[in-house]
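The values are calculated or read from the model by the stated rules, or taken from the named source; none is laboratory data. It should be emphasised that the depicted structure is a prediction, and the values quoted were computed from it without experimental measurement. Positions of Cβ are generated from backbone atoms using ideal geometry, with glycine treated the same way; all protein chains shown enter the neighbour counts.
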Amino acid sequence: MNSLDRLYVLTIAHEKNFSRAAAKLYISQPALSAYIIKLEKGLGCRLFDRNTFPLSLTSEGQAFVDCASKEETLEKELGDYLSDLTNLEAGCLSIGGSQFFCTCFLPPILTDYARRYPKISISLVEDGYPALKMMLGEGTVDCVLDYETQKAQNLTVLPLHQEQIFLALPPHSPRNQIFTKACLTKEQILSGYYLQPDCPKVPLSAFREEEFLFLNQEHDLYDRSQKLCSNAGFHPKIKMFLNQTLTAFALTSADFGASFISDTVIRCGNFEKIPPIYKIDDQDACRFLSAICKKNRYISKALQRFLDLTAERLKE
């Protein structure tokens, strides 16, 4: 198996279509088909079942893909190691994150990183955590920023920063009048006042009549929000499920419903105004933002520098 065999077969397996794979590889579809037919003849077996739609792998094709993927991972790890020897004068770094991280959190960090290490090529992959977790396993991303609490056998979780989870209320909720003194301003959150022992807290049970905006079930914040409501002794009235934290925040600001928001959203979101924010009187109203890597994966110097810089930024 040479590098071209590997590239062509893996691309077709991913696209499940010869035409799309050919377009991605910048060659003609007939040329790609001819190449694969010649490869299959040399191997003495079919790699693809052309009678299925979409195109699927044969058992021999799956074995080829598994081996090719391992070779690709080993080749990249070798490249990472060698880039260390060149003192960060070469190399690449692939970081994954949600829309929020890619939009609000990572830009200043990546800008600073690129200024310090201009010869490191950086790629940013924006997707949901389930998809990014799969990419980690495949070795197509080096690191994902998210909230992983489960001890997955194939992942290494490196905690970077403890976040506070706040309750955000619609501006015209009547309960704002009751808890006026506990409402946090944007300046108090940016200054870290909410971390002080004298920062007022509110009992979440007092907000059981609010209609809530929850993230979808695949999000870490869904489980934490349910736990906070359960701790407070009620089942939340969920008005809408959403896929993005920023959408929930915007809808809360527009009086559409209450939501749970982390301090990172407010500190990194660069919002002119924020809705009424309250610190919840519950020890479970916090979580760790983590860097998540494939277990036993070699941590390149380029990646370690990125993790160090991210940790530095989070302390500011």
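Observations, loosely collected:
- The requirement of being of a type in the set (Asp, Glu), under 29 Å from residue 243 (Cβ atoms), in a strand (DSSP E or B) and touching a helix residue (DSSP H, G or I) at 6+ places or on another chain (Cβ under 8 Å) is fulfilled somewhere in the stretch 117-129, by at least one residue.
- Test: residue in the stretch 188-207 that is in contact with a strand residue (DSSP E or B) (Cβ under 6 Å, 6 or more places away or on another chain) and within 25 Å of residue 107 (Cα to Cα): no
- Residue within the stretch 10-28 that is surrounded by fewer than 15 Cβ atoms within 10 Å (Cβ to Cβ) and more than 28 Å from residue 132 (Cα to Cα) present: yes
- Matching residues in the stretch 260-283 - criterion: being assigned to a helix (DSSP H, G or I), under 18 Å from residue 214 (Cα atoms) and either outside the structural domain of residue 174 (by TED's automatic domain parsing) or touching a Cys at 6+ places or on another chain (Cβ under 6 Å) (or both): none
- The conditions of being under 30 Å from residue 70 (Cα atoms), basic (Lys, Arg) and either at pLDDT 95 or above or assigned by TED's automatic domain parsing to the domain that holds residue 95 (or both) are met by residue 294.
- Close Cβ contacts (under 8 Å, 6 or more residues apart or on different chains) running from residues in the stretch 188-215 that are over 18 Å from residue 274 (Cα atoms) to residues that are of a type in the set (Gly, Ala, Ser) and surrounded by fewer than 14 Cβ atoms within 10 Å (Cβ to Cβ) comprise 205/233; 208/233.
- Being surrounded by fewer than 21 Cβ atoms within 10 Å (Cβ to Cβ), of a type in the set (S, T, N, Q) and assigned by TED's automatic domain parsing to the domain that holds residue 167 is a property that residue 304 lacks.
- Single residue of the stretch 269-284 satisfying the filter (buried (at least 20 other Cβ atoms within 10 Å of the Cβ) and in contact with a helix residue (DSSP H, G or I) (Cβ under 6 Å, 6 or more places away or on another chain)) that is nearest to residue 174 (Cα to Cα): 276
- Top-ranked residue of the stretch 244-256 - restricted to ones that are of a type outside the set (S, T, N, Q) and surrounded by fewer than 22 Cβ atoms within 10 Å (Cβ to Cβ), ranked as modelled with the lowest pLDDT: 246
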